[in-house]
Amino acid sequence: NLTVNSKTSSPILASICNQHLLNHKTDVHSIEIIIICVCFQFRDIPVGPMPPATPKFAYGFVTLQKVWTLLDTLSPQGPVQSQYLLTFEEIKQYYGFMLYRTTLPRNVPEPTPLISPLNGIHDRAYVSVNGVYQGLMERDTALVMNVTGQEGDQLDILVENMGRVHFGSYINDNKGLLGNLILGNDVLTDWSIYPLDIDTAVANGWLQAAHSGSGIEAGDGPMIYSGTLKPTGLAWDTFVKLNGWTKGQVWVNGVNLGRYWPQRGPQQTLYVPRPFLSATQPNNITVLELERAPSHRRILFMDRPQLNSTGQKT
């Protein structure tokens, strides 16, 4: 969720995060005991023991390989063609990502500013020219960046919806690229806009089927990585940590665990419930890294969460 303070967006905790009944190890803690005691004053409470803590397991490291960069292929219905930019809502893409694609209208041999003059990056935009990552634009903070290229080069902008304002006068919070983008003095037009369905692609195993081996070189910008957590005979709760990774999302056996962003923190791990894992079959791990993967390409499955630090401290 987002809130707006002086027209600047920032994240906030959902109310359920403030006083939840289960702790981040999914075990009962003091808040639930207090609630039970209060309820007991007014209603009969079933007699029985409190549920025990669930077992946790540290499965260790999994090394990933790059498997996918052609994000437009993750749009089964294909692109929407438009002379000017359209929002997520206009294409009925209410969450996730959209890929905006056009071509450079002229030669730009020298670094030339790409500008969103009306703070129209909602919320983060990852910019590439001919598949080469150029950099990041971000709502409120990074509305100009330089690009170079030749007339006709393919300009791709992957836009991430980071959540929505959920109260107040800014509740109508459209996502995508709002208003025009300007390259130097040229308004960019003639867009192909791809609503991406990454969850379905991961759940159906399309990305694992496209695995091309370890020979693919990694680089900066949005890329998808895949690996396998080998079966151990156990399917216990665990927590995955992406030390050295920058920002993105993680799936285990086709289930989206959520976002990671270690530098912003404070949460450094994502919870993996035991029903998501197989004790006897290989477990498919998929990571969408949006900015830069570490050279080691490893992720770590731990037996405890790490919640109260930032990337600079780990």
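Structure above, values below:
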quantity	calculated
Per-residue HN-Hα couplings for the stretch 234-248 [Karplus 6.51, -1.76, 1.60; θ = phi - 60°; Hz; x = Gly/Pro]	10, 10, 10, 3, 8, 9, 9, 10, 10, 5, x, 6, 9, 7, x
The stretch 77-196, accessible area per residue, ligands and nucleic acids excluded (1.4 Å, Å²)	45
Modelled FRET efficiency - R0 41 Å, residue 151 with residue 243, Cβ distances, 0.05 increments	0.45
Straight-distance crosslink candidates among aspartates and glutamates, where the alpha carbon sits under 15 Å from residue 175 and sequence neighbours closer than 8 are dropped	89, 90, 123, 138, 140, 160
With every protein chain in place, the stretch 77-196: carbon and sulfur % of accessible area (1.4 Å)	51
Two-site FRET efficiency, residue 83 against residue 271, from Cβ-Cβ distance with R₀ of 51 Å, rounded to 0.05	0.70
Taking the stretch 77-196 and dividing mean pair separation by its residue count, relative contact order in percent (alpha carbons under 8 Å, at least six apart)	44
Gyration tensor (Cα) of the stretch 77-196, equivalent ellipsoid semi-axes in angstrom	24, 16, 12
Positive minus negative residues near residue 88 (Lys, Arg vs Asp, Glu; Cβ under 15 Å)	-1
Computed FRET value (nearest 0.05) for residue 278 with residue 174, which takes r as the C-beta separation and R₀ as 35 Å	0.30
Relative packing of 148-156, 122-130, which averages over residues the other C-beta atoms within 10 Å, highest first	122-130, 148-156
Two-site label geometry, residue 130 and residue 106: point separation in nm, points 7 Å out along Cα→Cβ	2.0
Rounded Å value of the spacing that divides the Cα centres of the stretch 54-79 and the stretch 142-199	24
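The values are calculated or read from the model by the stated rules, or taken from the named source; none is laboratory data. Predicted, not measured: the structure shown is a model, and the values here were computed from it. Neighbour counts run over all protein chains shown; Cβ positions are idealised from the backbone, glycine included. Quick note on the areas: whole protein, heavy atoms, side chains included, nothing else; ligands and nucleic acids left out. Shrake-Rupley method; radii C 1.70, N 1.55, O 1.52, S 1.80 Å.
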